[in-house]
Structures are given as structure tokens and as C-alpha cells.
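Written below as C-alpha cells is the structure these notes are about.
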Amino acid sequence: MNGVSYSLTERSAPVPMPAIESLLGNSVAMQEVFRLIERVGPTEASVLLTGESGSGKELAAQMIHECSARRSKPFIAINCGAIPAGLIEAELFGYEKGSFTGAVRGHAGVFERANGGTLLLDEVTEMPLDMQTRLLRVLESRKFYRVGANTEYTSDVRVIAATNRCPLAAVQAGQLREDLLYRLAVFPIDMPPLRNRGGDVELLANLFLAELNAQSLTQKRLSAHSRMTLTQHSWPGNVRELKNCIERAFILGDSVLELAPLLQIAARHESAAAPGASGAAADGERLEIRVGSRIYDMERSLIEATLDYFKGNKRRAADALGCSLKTLYNKLNGYSQRQECANS
């Protein structure tokens, strides 16, 4: 396990594109992660993955699963922080028909569905404390009850937990039971942030861009300045931020992609949202895009915001957006035509 990438899915035939949805890296930090995964994967030890959001904790969990004797069984991931407190017990352990309002049929929880395989409890520090007590009991006894049931189930599940918080700080803050921490952290692995992974930044950027080029049958490339930007930016959102940035630049750019303008806009947005930021100055430079927005609307909002920022200077806006002046005019004309059609 000393290569650059590890595919998490079996393929029947070779494919021209690298397996992007796998854990990748040549850096010393990532080679150490691979070494730890190789050691713990074949065992039954519980693993606690720590690291910043976007650093690849779920991919590491999948990789551990693929290295184990459980690889042919299910791998199920659940985000403990995304489930309402009143529903997490039912999601973990399942429920019987009629056990509560809306339970029109029985439902198997993740411990049941992952039987024989691996269960990732992501953001485990966000789980309510009373549920942590029940979870600890299940981990120790391997037995549980569905909500509203009298029948006891046995679960053969390997549990991997993950959190973007410091576990010991979460214990001190009363957010994580200390006994649960020790039960989960038999083998801890800390995922390094992207800023500490050296040349992995450019490696990943090239792979993401290659995937987009293959999908669109294009040959777009990063500018020399963008390659400098890759190493100079701190990437607080880690691999997820890098991937999103490459995709946005790909959508907006022609043959050569510029990353700096997109990161500058994001930095101004973060600065404006920070406590104590000056409202008047920040509002003029902030661009807010709702989750789930269409790519067309996102692109148009970014172009219009960039034009406003450069006070209508289209050449400077085009340079900042990484597209030609002709492309910018074509997009603006397209917006006008679409608006005319909508008004007619």
C-alpha cells in the first residue's frame, strides 16, 4: 500500500481517468496515513478518525473497510450531527411498525443494515449524551433493541468514528463521554489538512481538472499563476474546497483557468462574515450563493458581482474571471436575451 492512489470501487475494465473518489497523496503526511490504514485495516479494532472538515475522513474509513475481511459486506456512513436528536435512536437501531406516529412499517437501523460490515459514525461528538450512553452499551454487548420492540438483535459491526473536533476538548466541554472516547479510539488516525501536504495540492488539482476535461472532452489547463496560487493558498476547506474551486474555474474559464479571482472573492466573503467586519465595505464585496443554486444562476451572480467590483470594466472583469473578453460579452448577451424572452 505504497502507491499514490487507492481505488475504493472495483472496476470490470481499466478506465482512462484516475479514481478521484479515493484517498490520494504522495506527501510524507499521507504516506503515514496509508501506513496506519494498512496496519489497522485487517484487524477488528475500533478506529477514531480526526481532522478538519474536507480532509478525507470518510474516504479513509472506506479504505479501512476495503482493507478488512469485511470488504464484501456493507459500508454505511451516518452523520450524527445531521440527524435530529429525537430521531437518532430510530436511525441507529431501527423501529417497529406503530412504535411512534408515522411509523407505518418497520425499519432497520444502520446497525442492522451494516451487519457483517463497517459502520462510520461521522461527527460522533455531535451525538446527544443520552444516546452516547446507549451507543456505548451496544458497542460493548453487540446487542440492541429496535424502538418499540421486545426482540433483542445481535450486531456484528465494526465501528469507525470520525470528528472534526479535538476529542479531548469535546470531553472537557461535556460533549463527549470519556468512556465512549476510549471505546472508540482504540486506534486513532489524524488526517492532515491539505496545507500540510505539500505537492499533494497540485497532484489533486491536476486530477480534478483531468476528470473535468475527460467529462467535457476539453483540454483546459491551469495558468502559471494558478499553479503558484495552489501552493500559496491555505485551503481552509481542504480537499473539498480545492475540488469545488477547480470546478468553478472550469465552468467560467476558456482554455486557461485562473483560480486567484475565485479565492479572492471567497476570502472577501469570509472576511465580511467574520465578527467585527465592517458592514458597509463588506456588503459591496460579498457574494452569497444558496446551497442548491443552479450553475447558471451561480455563474451569472459571480459575473455580475465581479463586474460591480471592477465598476463595469469588462476587460478587468474578464481577466479576473479567467475568461476572454469575447466570452464575457457572449455570456452577458445571453443573459440579456434570456431576460427579454422572460419579459415578453
Scan the range 304-316 and report the pairs whose first residue is open to solvent by less than 70 Å² (accessible area, probe 1.4 Å) and whose second residue is not small (Gly, Ala, Ser), with Cβ atoms within less than 6 Å and a gap of 6+ or a chain change.
ALA305/LEU287; THR306/LEU321; PHE310/ARG316; LYS314/LEU328
Among strands (runs of 3 or more DSSP E) entirely inside the range 115-165, those with 1 or more residues being under 28 Å from the mean Cα position of the chain (by Cα) are 118-122, 158-163
Checked the range 64-88 for anything out of contact with any Asp or Glu (no Cβ under 9 Å at 6 or more places or on another chain), open to solvent by less than 10 Å² (accessible area, probe 1.4 Å) and under 20 Å from GLY116 (Cβ atoms); matches are ILE64, HIS65
Among the residues of the range 98-116, is there at least one that is open to solvent by less than 60 Å² (accessible area, probe 1.4 Å), in contact with a His (Cβ under 6 Å, 6 or more places away or on another chain) and either over 29 Å from PRO193 (Cβ atoms) or touching a residue at least 24 places away in the same chain (Cβ under 8 Å) (or both)?
no
Could you grab the pairs with beta carbons closer than 9 Å, sequence gap of 6+ or different chains, first residue in the range 242-259 and without any contact (Cβ under 8 Å) to a residue 60 or more places away in the chain and surrounded by fewer than 22 Cβ atoms within 10 Å (Cβ to Cβ), second one assigned to a loop (DSSP other than H, G, I, E, B) and of a type in the set (S, T, N, Q)?
PHE250/THR218; SER255/THR218; SER255/GLN219; SER255/SER324
So, ALA60, is that one among the small types (Gly, Ala, Ser), modelled with pLDDT of 85 or more and under 21 Å from the mean Cα position of the chain (by Cα) or not?
yes
Mind listing whichever residues of the range 39-54 are modelled with pLDDT of 95 or more and either of a type in the set (Ser, Thr, Tyr) or surrounded by fewer than 17 Cβ atoms within 10 Å (Cβ to Cβ) (or both)?
ARG39, PRO42, THR43, GLU44, ALA45, SER46, THR50
Could you please let me know if PRO128 is open to solvent by 30 Å² or more (accessible area, probe 1.4 Å), out of contact with any strand residue (DSSP E or B) (no Cβ under 6 Å at 6 or more places or on another chain) and closer than 20 Å to GLU58 by Cβ?
no
In the set LEU212, LEU168, which member is of a type outside the set (S, T, N, Q), in contact with a helix residue (DSSP H, G or I) (Cβ under 9 Å, 6 or more places away or on another chain), more than 30 Å from TYR95 (Cα to Cα) and surrounded by fewer than 15 Cβ atoms within 10 Å (Cβ to Cβ)?
LEU168
Can you list residue pairs whose Cβ atoms sit under 9 Å apart, with the first residue in the range 141-154 being in contact (Cβ under 8 Å) with a residue 24 or more places away in the chain and the second being part of a loop (DSSP other than H, G, I, E, B) and acidic (Asp, Glu)? Count only pairs 6 or more apart in sequence or on different chains.
ARG146/GLU96; VAL147/GLU96; GLY148/GLU96; ALA149/GLU96
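The values are calculated or read from the model by the stated rules, or taken from the named source; none is laboratory data. Note that the structure is predicted; figures quoted are calculated from it, not measured. Reconstructed Cβ throughout: ideal geometry from the backbone, glycine too, with neighbour counts over all protein chains shown. These accessible areas exclude ligands, DNA and RNA; they are computed on the full protein's heavy atoms, side chains included. Shrake-Rupley method; radii C 1.70, N 1.55, O 1.52, S 1.80 Å.
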